[in-house]
Amino acid sequence: MKQVSYSVEKCLKANVTVPGFNDLSVFLAELLELDKTASKQTHYEKLDDWLVPVYKLVRQRLKNFGFINGGAAHGIKQPTDADFWFLVYGVVNNVCYSPNLETQVSHHHSSAWERSQALIKDIQDIIEFKSSVTIMK
C-alpha cells in the first residue's frame, strides 16, 4: 500500500456500515465538481470559496448519520457512521499534511485547487484501500 496520511490511516482502520462507506463515492463525485472551480491562487486567495462548501458536505453527512455534538464530553458513543465521517472531517481538516499535496509554496499556503487535488486522492485512497473487514453490514 502507498503512503497515506495519519488521518487517512484512521479512516482505513475505522468501522463503517455499507451505506456510510458507499457515501464516500458520492462525496468524491461532489469533490470532483467543486474541483472545477477551485482557485489556483496561493496564500489563502479564494480558499474559502472551495473549503466552506467542502466542510458543508461533510457536516451534512455528520447530521445524516446521527452525529451527537458534544457527545464525547458526556460519554455518549457516536453512531458508527457518524464516528467514521468525523474521521473524514479530519482528513479534510488535515489535507495540508497529506502526502498527496503537491505545491511549490509552503503547504499551509497551498491553493484551493492543490488542496482539492490532494483531498480527492485521499478519498480515493480510502475507497481503494479500506479493508472489507471494517465495512459492516
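Throughout, read-outs are computed from the coordinates displayed, never taken from laboratory work. The structure displayed is predicted, hence computed values, not measured ones. Positions of Cβ are backbone-derived with ideal geometry, glycine not excepted, and every protein chain shown enters the neighbour counts.
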- Query: So how do His74, His109, His43 line up by other beta-carbon neighbours within 10 Å, fewest first?
  - Reply: His74, His43, His109
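Counting other beta carbons within 10 Å of each residue's own, what order do Arg59, Arg115 fall into, fewest first? Please report the intermediate quantities before stating the final value.
On the way: Arg59 13, Arg115 24.
Arranged by neighbour count, lowest to highest, Arg59, Arg115 become Arg59, Arg115.
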- Message: Cut-off 17 Å, label point 7 angstrom out along Cα-to-Cβ of Ser25: give me the residues of the stretch 91-130 whose amide nitrogen falls inside.
- Response: 123-130
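Could you calculate, for the chain, the ratio of the Cα radius of gyration to the Kirkwood radius, expressed as Rg to Rh? Kindly include the intermediate steps, with their values, before the conclusion.
On the way: Rg = 14.9 Å, Rh = 15.3 Å.
Radius of gyration over Kirkwood radius for the chain works out to 0.97.
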- Query: Where does the charge balance sit around Asp125 when Lys and Arg score +1, Asp and Glu -1, over other residues with C-beta under 14 Å from its C-beta?
  - Reply: +2
- Message: Could you tell me how far the Cα centroid of the stretch 59-137 sits from the Cα centroid of the stretch 37-52, in Å?
- Response: 19 Å
- If unit charges are put on Cβ atoms (+1 for Lys and Arg, -1 for Asp and Glu) and the dipole of the chain is taken about its Cα centre, the option from Ser7, Phe67, Leu87 lying farthest towards the positive end turns out to be Phe67
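How much length is gained if the chain between Lys13 and His43 is pulled fully straight, taking 0.36 nm per residue apart and subtracting their Cα-Cα distance, in nm to one decimal?
On the way: separation 30, 0.36 × 30 = 10.80 nm, distance 3.34 nm.
Extra length from Lys13 to His43 when fully extended: 7.5 nm.
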